[in-house]
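Notes for the one structure printed next.
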Amino acid sequence: MNPFERIARNRQTPSPTEAMQGRSIAYSRSVTRRLMELMDANAHGNVHGGVIMRMVDEAAAIVAIKHSHNPRVVTARVARFDFLAPAYIGNVVSVDCEMRYVGRTSMEVGVEVMAEDLVTGEVRHIASSYVIYVALDENRRPTPVPPLVPADDEEREIIERARIQRIQRQKIDEELRQSGELE
């Protein structure tokens, strides 16, 4: 099978039964790692924030695709992105992602970004983010995704904290809409 046939086959929508089967946080958890090179640097010798942001979006999309069993997921919102410290050329940057909350068609992925100095072994937490994806059907319309089902008490707590944060964000968005600051 040529690569294009494989891509087309993978773009087929899963069966409704398979698509709605609940999945745990652990099911779709993912870690992506990459060595930072000169082409990733800004004029200060640090890794560009945009390089880190792209890595986060790509790594978090893997979690959304795996959870939904749907390759058609799009970034709907970066709910938060905090840079805590720089990454440097020669560091290995790791992007740890896990599903935190699932709505009807949307999925919130929590992300922690670490930088490791391979010579000293020092590992630093350099960024955190929450990225929200929406799954699309073959007509590019939002489509339902499987529920997030906690596998244990720890996962239950993560999901509950994310649910509360989502409610708080929705209240802030509504206040901004009413004040005219958010269209």
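All of the numbers you see were taken from the coordinates with simple rules; none came from a lab. All values derive from a computational prediction rather than experimental measurement. Note that we place each Cβ from the backbone using ideal geometry, even for glycine, and neighbour counts take in every protein chain shown.
Data for the structure
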read-out	value
Translational diffusion coefficient (Stokes-Einstein; Kirkwood radius from C-alpha pairs) of the range 20-150 at 25 °C, 0.890 mPa s, in µm²/s	161
Extension gain, VAL119 back to ASP153 (0.36 nm per residue minus Cα-Cα distance, nm)	8.5 nm
Contour minus Cα-Cα distance for ARG80 and LEU35 (0.36 nm per residue)	13.7 nm
Computed Rg/Rh of the range 131-181, alpha carbon atoms with Kirkwood Rh	1.11
Positive-end residue of VAL123, VAL93, HIS69, charge dipole of the range 20-150 with Cβ unit charges	HIS69
Gaussian network model of the chain, springs between alpha carbon atoms under 10 Å - residue of ASP117, ASP152, ASP40 with greatest fluctuation	ASP152
Of ARG100, ARG169, ARG156, the one that fluctuates the most in a GNM where the chain has Cα springs shorter than 10 Å	ARG169
GNM top mover of VAL111, VAL63, VAL123 - the chain, alpha-carbon springs below 10 Å	VAL123
